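Trainee: Handing you this structure, nothing more for now.
FYI, it's all coordinate maths here, none of it is from the lab. Bear in mind that the values here come from a model prediction, so they are computed numbers and not experimental data. Don't worry about glycine lacking a Cβ; one is built from the backbone with ideal geometry, like all the others, and counts go over all protein chains shown.
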Number of protein chains: 2
Amino acid sequence: MALLLKGAPVATALTESIKADVEKLKKNGVVPLLAILRVGERNDDISYERGAMKRAASAGIEVRNVILPADVDNDTFLAALEELNKDPLVHGILMFRPLPVQLDEEKARKMLAPEKDVDGCTDGSLAGVFANSPVGFPPCTARAAMELLKYYDIDPKGKRVAVIGRSLVIGRPVAMMLMHANATVTICHTRTPDVPSITREADIVIAASGQMESVGADYLREGQVVIDVGIGWNEQKQKLCGDVCFEEAEPLAAAITPVPGGVGSVTTAVLCRQVTDAAMRK
Amino acid sequence: MALLLKGAPVATALTESIKADVEKLKKNGVVPLLAILRVGERNDDISYERGAMKRAASAGIEVRNVILPADVDNDTFLAALEELNKDPLVHGILMFRPLPVQLDEEKARKMLAPEKDVDGCTDGSLAGVFANSPVGFPPCTARAAMELLKYYDIDPKGKRVAVIGRSLVIGRPVAMMLMHANATVTICHTRTPDVPSITREADIVIAASGQMESVGADYLREGQVVIDVGIGWNEQKQKLCGDVCFEEAEPLAAAITPVPGGVGSVTTAVLCRQVTDAAMRK
């Protein structure tokens with residue numbers, strides 16, 4: 001019977017620590033403010049925005065919603081971003097991506113001030129996560145996985161870790177963060193000939209390939225910690241599933257995150273943590 | 001008998017390709033210019049500078065030497081850097097580090113224009129090597145290791161690679177570059193409990209720990225490619241040695257770099273390649 005690494009208590013604990021810091025900031029006249037910049041009405045964005053607003057409210061963080069029509073022109077969009085960049089009251093900016101095709105996403109990413117980049121998409125944030133320096137912020141999901149390990153007292157130091165997936169939002173940054181925490185990390189990806197032979201050797205497996213239920217029993221051995229970063233709708237099973245086949249993995253694992261209710265449920269708390277960190281750094 | 005992966009022919013081939021590009025640039029009125037910014041008279045710096053100038057001359061690249069006294073004040077130093085940053089005739093800047101203690105190295109690193117950062121030390125370059133995007137340049141030694149593999153037709157794709165060392169000048173960037181080339185990379189470091197068990201599993205071993213002759217026969221198995229990035233003076237043997245114990249590794253390896261005459265002898269050619277790339281990007 002694996003220990004179930006639920007995200008909710010991690011998010012709650014994080015929120016408590018944020019609240020304490022927000023109180024201190026407020027005593028100094030600073031109210032952490034998250035700006036959410038959304039273009040159009042994509043369901044995923046709206047749903048995440050709602051979660052982030054709820055979490056922010058419970059942590060005492062203010063939110064400013066900047067919502068632009070799906071057909072907004074590039075100049076108007078960049079002007080809105082620049083206004084948030086320049087506004088000293090705004091500590092963090094969450095810019096939903098991908099942006100509609102008429103907008104210059106690369107330019108927007110380059111414009112966004114790294115010190116406000118609480119979702120870790122700028123070059124400054126990437127350099128920070130690579131160099132382990134306090135420039136920008138790591139992507140929320142990568143840090144959520146780290147916060148989850150920390151909460152459950154799973155120290156990566158000296159451990160073998162296999163990360164499946166090399167994306168810039170999760171695989172690569174979480175690999176670097178685990179290495180900074182003194183784990184020995186192997187990054188597997190689509191061109192890795194025999195992923196199971198590598199994941200079976202690991203103490204901790206981070207599943208972030210984006211391939212639903214692709215990590216089955218053959219990828220695992222007994223006693224591992226399995227962190228599932230994936231989430232998607234399984235049409236056949238009519239439920240949300242992760243990248244790990246939970247039914248196969250749970251009997252083997254020492255500890256495993258559920259999907260939903262695992263890593264994903266920690267991300268908005270991390271977002272709020274990073275907004276507060278941004279306000280504290282200033 | 002291992003294939004000896006000598007650096008000299010790699011440097012020569014690189015220089016030929018640079019010369020061809022420099023000719024094209026000159027036809028358009030552009031002469032690639034490398035500025036070397038050196039503070040003080042450290043032997044290592046002077047020796048590398050001499051090598052770089054010789055290589056640049058043979059490739060048709062101009063060099064501007066900016067030499068400041070060891071006790072230069074911070075304002076004077078930063079002004080010299082800013083002048084090179086702003087000068088449109090300067091395509092690449094090599095700033096020797098570490099800087100003397102009275103100088104603000106972190107500020108200098110942040111000031112240096114990523115598009116002129118041909119030695120890969122800025123946040124822009126770090127983000128570029130992490131994201132595999134054309135921002136800045138990778139550190140020369142990391143790219144030298146990659147150029148060496150390329151020259152000898154050793155494709156990292158689908159291979160297991162163990163990198164020993166996680167420094168920002170070689171371990172981490174070369175790990176990323178190998179991953180971008182579709183290798184499956186494990187980064188070992190001082191907190192890895194059993195490095196030999198990992199390196200023995202690899203097809204390619206990159207030794208970059210900075211620990212002289214620390215990679216012995218127990219780290220290796222037959223048929224591997226061994227790339228030695230280290231170099232240092234062995235007092236006992238009265239000769240230059242790398243991180244690999246060559247006498248033990250050579251009989252096992254399929255291919256191995258000598259020290260000296262391996263990776264190190266490719267770095268100035270890479271520096272010139274990156275100066276030319278910088279001129280071509282403009």
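Trainee: Quick one: the Cα spread of segment B:117-199 along its three principal axes, in angstroms, biggest first?
Mentor: 37, 31, 18
Trainee: From the C-alpha coordinates alone, can you work out the Kirkwood hydrodynamic radius of segment A:140-263, in Å?
Mentor: 14.0
Trainee: Sticking with this one: Report the net charge of residues surrounding B:T122, where surrounding means a beta-carbon distance below 13 angstrom and charges are Lys +1, Arg +1, Asp -1, Glu -1. Walk me through the numbers before you get to the answer.
Mentor: Details: positive: B:R97, B:K107, B:R109, B:K110, B:K116; negative: A:D123, B:E105, B:E106, B:E115, B:D117, B:D119, B:D123.
Overall, the nearby charge balance is -2.
Trainee: While we're here: Can you pull the one-decimal nm distance between simple spin-label points at B:A57 and A:R50, each 7 Å off the Cα toward Cβ?
Mentor: A separation of 7.2 nm, rounded to one decimal place.
Trainee: Residue by residue through A:121-133, how many Cβ atoms from other chains fall within 10 Å of the Cβ on average?
Mentor: Per-residue shielding by partner chains comes out at 6.
Trainee: Still on this structure, I have one more. Please give the FRET efficiency for A:S214 paired with B:E250, using the beta carbon to beta carbon distance and R0 = 45 Å, rounded to the nearest 0.05.
Mentor: Once the sixth-power term is evaluated, E becomes 0.60.
Trainee: If you average 1/r over all unlike Cα pairs in the protein assembly as shown and invert the result, what Kirkwood radius do you get in angstrom?
Mentor: 25.3
Trainee: Another question about this same structure. Once the other residues with Cβ under 13 Å from the Cβ of A:N182 are scored (Lys, Arg +1; Asp, Glu -1), what is the net sum?
Mentor: Working: positive: A:K157, A:K159, A:R160, B:R166, B:R191; negative: A:D155, A:D203.
Residues close to A:N182 contribute a combined charge of +3.
Trainee: To the nearest whole number, what is the average tally of beta carbon atoms from other chains within 10 Å of the beta carbons of peptide B:172-180?
Mentor: Mean partner shielding for this stretch: 3.
Trainee: For B:K116, go through the lysines and keep the ones whose alpha-carbon is under 18 Å away, minus same-chain ones fewer than eight residues off.
Mentor: A:K110, B:K86, B:K107, B:K282
Trainee: If one takes the longest principal axis of the Cα atoms in chain B, at what angle in degrees, from 0 to 90 and to the nearest 10, does the Cα axis of helix B:171-180 lie?
Mentor: 80
Trainee: While we're on this one: To make sure I understand the rule: partners must be lysines, Cα under 24 Å from the Cα of B:K157, and not fewer than 8 residues away in the same chain. Which ones qualify?
Mentor: B:K6
Trainee: So which residue, out of A:P88, A:P32, A:P139, gets the largest mean-square fluctuation from a GNM of chain A using Cα contacts under 10 Å as springs?
Mentor: For chain A, modelled as a Gaussian network with Cα springs under 10 Å, the answer is A:P88.
Trainee: Let me ask something additional. Helix B:140-151 against the longest principal axis of chain B: what's the angle in degrees, Cα atoms only, rounded to the nearest 10?
Mentor: Here the helix axis deviates by roughly 60 degrees.
Trainee: Starting from the Cα of B:K26, draw a straight line to each of the aspartates and glutamates and keep only those under 14 Å, dropping any in the same chain fewer than 8 residues away.
Mentor: B:E62, B:D277
Trainee: Add -39500 (n - 2.57) for each DSSP H run of 4 or more in the protein assembly as shown, then divide by its residues: what number comes out at 222 nm, to the nearest 500 deg cm²/dmol?
Mentor: Taken over the protein assembly as shown, the calculation gives -12000 deg cm²/dmol.
Trainee: Also, quick follow-up: In whole Å, largest first, what are the principal axis extents of the Cα atoms in chain A?
Mentor: Its Cα atoms span 52, 43, 36 Å along the three principal axes.
Trainee: Could you derive backbone 3J(HN,Hα) for segment A:13-20 from the dihedral phi with the Karplus parameters 6.51, -1.76 and 1.60 (θ = phi - 60°), listing whole Hz in sequence and x where the residue is Gly or Pro?
Mentor: 4, 4, 4, 4, 5, 5, 3, 4
Trainee: Assuming R0 = 51 Å, what is the FRET efficiency of B:I67 and A:R191, from their Cβ-Cβ distance, to the nearest 0.05?
Mentor: Calculated transfer efficiency: 0.65.
Trainee: Among A:A162, A:L3, A:P32, whose Cα lies farthest out toward the positive end of the dipole of the protein assembly as shown, if unit charges sit on the beta carbon of Lys, Arg (+1) and Asp, Glu (-1)?
Mentor: A:P32
Trainee: Normalise the Debye intensity by I(0) for segment B:29-115, one equal point scatterer per Cα, no solvent, then take log10 at q = 0.11, 0.18, 0.21 Å⁻¹ and round to two decimals.
Mentor: -0.29, -0.78, -1.03
Trainee: Another one. Could you pull the copy-to-copy label distances for B:T76, with points set 7 Å along Cα to Cβ, in nm to one decimal and sorted shortest first?
Mentor: B:T76 label point versus its equivalents elsewhere: 5.6 nm.
Trainee: Next question. Place a point 7 Å from Cα of A:M1 in the direction of its Cβ. Which residues in segment A:142-182 have their backbone N less than 16 Å from it?
Mentor: Counting backbone N atoms under 16 Å from the label point, the list is empty.
Trainee: Pairing the Cα long axis of helix A:43-59 with the longest principal axis of chain A, what angle in degrees results, from 0 to 90 and rounded to the nearest 10?
Mentor: Approximately 80 degrees, to the nearest ten.
Trainee: Could you give, in nm with one decimal, how far A:S17 is from each other copy of that position, shortest first, with labels 7 Å out from Cα toward Cβ?
Mentor: Once sorted, the set of distances for A:S17 reads 4.7 nm.
Trainee: Note the distances from B:E250 to each other copy's matching label point, with points 7 Å along the Cα-to-beta-carbon direction, in nm, sorted shortest first.
Mentor: 5.9
Trainee: Which whole number gives the average, over all residues in A:156-164, of C-beta atoms from other chains lying within 10 Å of the residue C-beta?
Mentor: 2
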